[in-house]
Amino acid sequence: MIGVAALWIGVLLLGGGFALDRVLSRSIVDNFDAQLTYVLNAMLASSEIDPIGEVRFNRQPADQRFIESYSGLYFQITDLPGNSCRLKIDTPTCYPSRSLWDRRLKVEAHDDTKLHQYDSKEFGPDEPLRIVERDVILPGSPIRWRFQVAERRDAIDEQIEALRTTLLWSFGALGAGLIALAALQALFGLWPLRRVRRELVRVRAGRQDRIGEDYPQEIHPLVHELNLLLAHSEEQAEEARRHAGNLAHALKTPLTVVNNAATGHAPDLAETVIREASVMRRQVDHHLARARAIGRRASSQARATVWDSVGPVERAVSRLYPDVTVDIAGDRSANVRVERQDLDEMLGNLVENAAKYGGGRVFVTVEKPADGMVEILVEDDGAGIPEGERDMLFTRGARLDTDKPGTGLGLAIVRDVAVIYGGKVSLDESEDLGGLLARLTLPAA
């Protein structure tokens, strides 16, 4: 930030300094030219042709430097047809000022009917000149005369040099001050982030569990989100510990039964091991499903199209139960904030249960999002379940019909995974088919 600010400030000051230098230097030169033009116009106003055809002044120039040799201020009047000015002062075609002494200003062959200003080094590099000239025809003379006024540029150059020195120091000081201000602004503006870093180090070291909230308005949303992230991480860690504890507790009883049967050399040891191993496998499957759902829930990009999951589930169930007809209807574009794999697992359990315990017809309806939720209805034409026994089906391992194969974990897994994603599942009676209605509600994407 400081480097970019310094670069940008440098570019702006260089551009502004160059532009200001050009404007002020041009102003100094223009002011110098205005003084020379004033002298030239005064010479033109006081010039006339005498009876013998020579140019003379009816009023001599007031500046005494015109009569001091090599004073640095000169004038010259030249007859243009001759296009030259000989060194003899009494030559009628050239009228130089006394300050020129034995030197003459060059007369170039070009048209100067308008005012012409230029620099010249015709007297050498040690005496640069600024010259203003103009061609005129004086009353009473058919000859075109060139009036020239020249002055040393020393005064201009000194003023421009002083100006540039002032600009250099002032803009340099301004640039240094601006860069220092930008550095201080970056330092103190980002200082709260250093505090956040130090507090995060203390959180990681276990000396505190949250970041303080006493931060500037610009940093406070970041701190708030970090605290929410810490809370979410703690919640996930606690949930993982709770699941590990639940799994350990669930496995403890079957392991104790197997251990006691093996220690006591029970005659039905093989059956006991098979039975308890089945119980442990159901518990492990259940907790693994929950763990996968919790891990995938952490992704903020979770998104699945319900129709893309319903179709494959329908085809899979139709192959398992050829005599069952599965009809699908509803919103084809409904999306939910659930990972596709978890959505497939929930729908698979619900549709398979409907096909397994129904009478041969299953109806799946996907309803349009309302209040930020999508509802998926799975109905069958079976005997249904009494209202008082419906909640019991969500208990792990609970089964009302033990004549058909199963683990009793399907609805429990559906309920747990739906809750993890902020949804829910409920059981009701189907009005159209007369069997069981499973209503799966999930947050819309």
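If GLN208 passes every condition in (1) touching a helix residue (DSSP H, G or I) at 6+ places or on another chain (Cβ under 6 Å); (2) not in a loop (DSSP other than H, G, I, E, B) but one, which one does it miss?
All conditions pass for GLN208, except number (2).
With the structure loaded, tell me whether VAL11 is under 52 Å from the mean Cα position of the chain (by Cα) and assigned by TED's automatic domain parsing to the domain that holds GLU133 or whether it fails that test.
Against the criterion (under 52 Å from the mean Cα position of the chain (by Cα) and assigned by TED's automatic domain parsing to the domain that holds GLU133), VAL11 qualifies.
Does LEU167 fit the bill of being of a type in the set (A, V, I, L, M), in a helix (DSSP H, G or I) and within 32 Å of the chain's Cα centre (by Cα)? Even if it seems obvious, please write down each step before you answer.
Numbers: of a type in the set (A, V, I, L, M): yes; in a helix (DSSP H, G or I): yes; within 32 Å of the chain's Cα centre (by Cα): no.
In short, no.
Can you name the residue in the stretch 132-175 that is free of Cβ contacts under 8 Å to residues at least 60 places away in the same chain and closer than 16 Å to SER46 by Cα and is also surrounded by the fewest Cβ atoms within 10 Å (Cβ to Cβ) among such residues?
Looking at the filtered set, the residue picked out is ILE137.
Search the stretch 419-429 for residues being surrounded by fewer than 21 Cβ atoms within 10 Å (Cβ to Cβ) and either of a type in the set (A, V, I, L, M) or under 16 Å from ALA355 (Cβ atoms) (or both), and hand back the single one that is modelled with the lowest pLDDT. Steps first, answer last, please.
From the stretch 419-429, those surrounded by fewer than 21 Cβ atoms within 10 Å (Cβ to Cβ) are 419-420, 422, 424, 426-429; that's our starting set.
Now drop any that are not either of a type in the set (A, V, I, L, M) or under 16 Å from ALA355 (Cβ atoms) (or both), which leaves 419-420, 427.
Values: VAL419: 85, ILE420: 81, LEU427: 88.
Per the stated criteria, the residue is ILE420.
From the set of residues in the stretch 43-55 that are within 13 Å of ILE77 (Cβ to Cβ) and part of a helix (DSSP H, G or I), which is farthest from the chain's Cα centre (by Cα)?
SER46
Given ILE131, ILE137, which one is over 19 Å from PHE32 (Cβ atoms), among the β-branched types (Val, Ile, Thr) and in the same structural domain as PHE18 (by TED's automatic domain parsing)? Steps first, answer last, please.
On the way: ILE131 fails: over 19 Å from PHE32 (Cβ atoms).
Just a single option satisfies the conditions, and that option is ILE137.
Across the stretch 377-415, which residue is modelled with the lowest pLDDT among those that are exposed (fewer than 13 other Cβ atoms within 10 Å of the Cβ) and touching a Phe, Trp or Tyr at 6+ places or on another chain (Cβ under 8 Å)?
Looking at the filtered set, the residue picked out is LYS404.
Would it be correct to say that SER333 is among the hydroxyl-bearing types (Ser, Thr, Tyr) and loosely packed, with under 15 Cβ neighbours inside 10 Å? Can you show your working first?
Details: among the hydroxyl-bearing types (Ser, Thr, Tyr): yes; loosely packed, with under 15 Cβ neighbours inside 10 Å: yes.
Yes, satisfied.
Which one of these is basic (Lys, Arg), closer than 30 Å to PRO51 by Cβ and at pLDDT 90 or above: ARG130, ARG134? Before the answer, list the steps.
Details: ARG130 fails: closer than 30 Å to PRO51 by Cβ.
Of the residues listed, the single one that is basic (Lys, Arg), closer than 30 Å to PRO51 by Cβ and at pLDDT 90 or above is ARG134.
The values are calculated or read from the model by the stated rules, or taken from the named source; none is laboratory data. What you see is a predicted model, and the numbers here were worked out from it, not measured in a lab. Quick reminder, even Gly has a Cβ in these numbers, built from the backbone with ideal geometry, and neighbours come from all protein chains shown.
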